[in-house]
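Chemist: The structure is given below, and queries will be raised subsequently.
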Amino acid sequence: MAKITKADVEYVAGLAQLTLDEATKERLVGEMGDILGYMDKLNELDTTGIEPTMHVLEMTNVFREDEVTPSLPRDAALMNAPKTDGEYFLVPRILDTE
């Protein structure tokens, strides 16, 4: 098992853009070491013949059928818009066209 050091914790905290105090860093050294120790224990198991899975339960997508349905009328779509010209949504310009 690789030993987790305070430098490892600081590196991971930096990747996650976290600022940790010294007490938290010390606590995480122990906790991350425990996690890796548990992973080492799992690596001792014989998984020959066991198919890898992404989830313990079988999952299927529940997409609806792609069917054409009537769209929302333009007046209803524009009803709550802050600004419209009666046909389109009006939004502030954000790109310089020059």
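Chemist: Quick one: length gained pulling E67 to Y88 fully straight, 0.36 nm per residue minus the C-alpha distance?
Modeler: Details: separation 21, 0.36 × 21 = 7.56 nm, distance 2.58 nm.
Net length gain for the segment: 5.0 nm.
Chemist: Now, a different point. When the chain is fully extended, how far beyond the present Cα-Cα distance does Q17 get from M32, taking 0.36 nm per residue of separation? Write out the running numbers ahead of the final one.
Modeler: On the way: separation 15, 0.36 × 15 = 5.40 nm, distance 1.76 nm.
In short, 3.6 nm is gained.
Chemist: Additional query: Could you work out the relative contact order of the chain, using alpha carbon pairs under 8 angstrom and six or more residues apart, expressed as a whole percent? List each step's numbers first, then the result.
Modeler: Values: 31 pairs, mean separation 17.9, N = 98.
Relative contact order for the chain comes out at 18 percent.
Chemist: Could you calculate, for the chain, the ratio of the Cα radius of gyration to the Kirkwood radius, expressed as Rg to Rh?
Modeler: Details: Rg = 27.4 Å, Rh = 20.9 Å.
Radius of gyration over Kirkwood radius for the chain works out to 1.31.
Chemist: Using DSSP to call loops (not H, G, I, E or B), can you name the trypsin sites (Lys or Arg not before Pro) in the chain whose Cβ has at most 16 other Cβ atoms within 10 angstrom? Can you show the working numbers first?
Modeler: Working: sites: K3, K6, K25, R27, K41, R64, R74, K83, R93; in loops: K3, R64, K83, R93.
Taking the chain and a limit of 16 other Cβ atoms within 10 Å, the loop trypsin sites (Lys or Arg not before Pro) found are K3, R64, K83, R93.
Chemist: Working from Cα positions, state the angle (0 to 90°, nearest 10) between the long axis of helix 22-43 and the longest principal axis of the chain.
Modeler: Helix 22-43 and the main axis of the chain meet at about 80 degrees.
Chemist: Would you mind checking which residues have amide H under 5 Å from T84's amide H? H placed 1.01 Å from N; only 5 or more apart, or other chain.
Modeler: Sorted by chain and number, the residues that satisfy this are L90.
Chemist: Starting at the first residue of the stretch 58-75, write each ³J(HN,Hα) from the Karplus equation 6.51 cos²θ - 1.76 cosθ + 1.60 with θ = phi - 60°, in whole Hz, x for Gly and Pro.
Modeler: 5, 10, 10, 6, 10, 5, 7, 5, 8, 10, 6, 10, x, 8, 5, x, 4, 4
Chemist: What does the charge count around I4 come to, taking other residues whose C-beta lies under 13 Å from its C-beta (Lys +1, Arg +1, Asp -1, Glu -1)? Provide the component values of the computation, followed by the final result.
Modeler: Values: positive: K3, K6, K25, R27; negative: D8, E10, E26, E31, D34, D40.
With Lys, Arg at +1 and Asp, Glu at -1, the net is -2.
Chemist: Relative to the longest principal Cα axis of the chain, at what angle does helix 6-15 sit, 0 to 90 degrees, rounded to 10?
Modeler: Orientation of helix 6-15: about 10 degrees from the principal axis.
Here, each number is a calculation from the coordinates, and none is a lab measurement. Because the structure is a prediction, the values reported are computed rather than measured. Glycine gets a Cβ as well: all are built from the backbone with ideal geometry, and neighbour counts include every protein chain shown.
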